[in-house]
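Before any comments, here is the structure.
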Amino acid sequence: MARQRILQAAAELVAEKGAASMSLDDVRARTGASRSQLYHYFENRDDLIHAVIGVISDRVLNHYGEPLDHLDSWAGIDHWFDVLVQDQVDLQARGGCPIGCLAGQLAENDADARAAIAAGLERYEAHLRNGLTRMKAGGTLRRDADPVALATATMASIQGGFLLTQIRRDPNQLRIALNAARSNLRFASAERVRL
């Protein structure tokens, strides 16, 4: 229970201050945990940050759980895209992707953090890849469609859209990126072959 409380507080601090600015003293102040308690659960600050990446990834996947479970139809993909944009409207285009924004803060200087971020994004992307694979098996996508490449291209559009939304404080930037991703996905539609 104490470990979970520490992780939740550290995740909040990373979201508020960024990974580089969060200190163990900040976590202690927020949780009331002693220094020995922190070191009982985590070897050092880096170990705590690596665990926080997993917590943030879990939060993203839990938040988008219902839409992510239905990415095997055009309606399901459209719903997910709509939810992503609405979240940015609600957040006033602040924060970007909670997983993706960690890459700029940590990936170049911490190989373990980079691997944890990559694993979080992979878990996220896997939902889309699996949905597209089901669409291909069901005949919605062409037989030569590549669900792996389509999922990666879509995630690249999402991450770029998040970044532009955050920088420009304009959720329409994400909508534009998602519209481009949808056009790319629709290009692989089996309906195009029949036209």
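Residues considered: Ile176, Ile56, Ile158. Largest GNM mean-square fluctuation over the chain, using C-alpha springs under 10 Å, is found at Ile176. Each Cα pair under 8 Å and six or more residues apart adds its separation to the average, and for segment 137-184 the resulting relative contact order is 34 percent. Of the residues Glu12, Glu66, the one with the fewest other Cβ atoms within 10 Å heads the list, and the complete ranking is Glu66, Glu12.
Springs between alpha-carbon atoms under 10 Å, Gaussian network over the chain: tell me which of Ala115, Ala20, Ala177 tops the mean-square fluctuations. Residue with maximal mean-square fluctuation among Ala115, Ala20, Ala177: Ala20.
Using every pair of separate Cα atoms, the Kirkwood estimate puts the hydrodynamic radius of segment 1-146 at 16.9 angstrom. Normalised size of segment 64-194, defined as Cα radius of gyration per 2.2 N^0.38 Å with N residues, equals 1.08.
Against the chain, whose longest principal axis is taken from its Cα atoms, helix 45-63 shows a tilt of about 40°. Within the listed set Asn172, Asn109, Asn130, the Gaussian network model of the chain (springs between alpha-carbon atoms below 10 Å) gives the highest mean-square fluctuation for Asn109. At 0.890 mPa s and 25 °C, plugging the Kirkwood radius over alpha-carbon pairs of segment 53-135 into Stokes-Einstein gives what diffusion coefficient in µm²/s? So the translational diffusion coefficient is about 181 µm²/s. In order along segment 80-96, the phi-based Karplus estimate (6.51 cos²θ - 1.76 cosθ + 1.60, θ = phi - 60°) of 3J(HN,Hα) comes to 4, 4, 4, 5, 4, 5, 4, 4, 5, 4, 4, 8, 6, 6, 10, x, x Hz; Gly and Pro are listed as x.
A simple count of charges around Arg35, restricted to other residues whose Cβ falls under 10 Å of its Cβ and scoring Lys, Arg +1 and Asp, Glu -1, yields 0. For the Cα atoms of the chain, what angle does the longest principal axis make with the long axis of helix 147-168, in degrees from 0 to 90, nearest 10? For helix 147-168, the angle is close to 60 degrees. Counting only Cβ charges, +1 for Lys and Arg and -1 for Asp and Glu, the dipole size of the chain around its Cα centre is about 380 debye. Between segment 65-111 and segment 19-57, the alpha-carbon centres lie 25 Å apart.
Counting every pair of alpha carbons in segment 129-195, the share spaced more than 14 Å apart comes to 58 percent.
Across the chain, the relative contact order, built from alpha-carbon pairs under 8 Å that are at least six residues apart, equals 20 percent.
Filter the GluC sites (Glu not before Pro) in segment 60-161 to those in DSSP coil with at most 13 other Cβ atoms within 10 Å of their Cβ, and list the result. Passing both the DSSP loop test and the Cβ count: Glu108. When all alpha carbon pairs of segment 1-64 are counted in 5 Å bins from zero, the resulting P(r) reads 4, 19, 33, 26, 12, 4, 1, 0 %.
Each value in this text was obtained by applying a stated rule to the coordinates, not by laboratory testing. What you are looking at is a predicted structure, and each value in this text was computed from that prediction instead of being measured. Note that each Cβ is placed from the backbone with ideal geometry, even for glycine, and that neighbours are counted across all protein chains shown.
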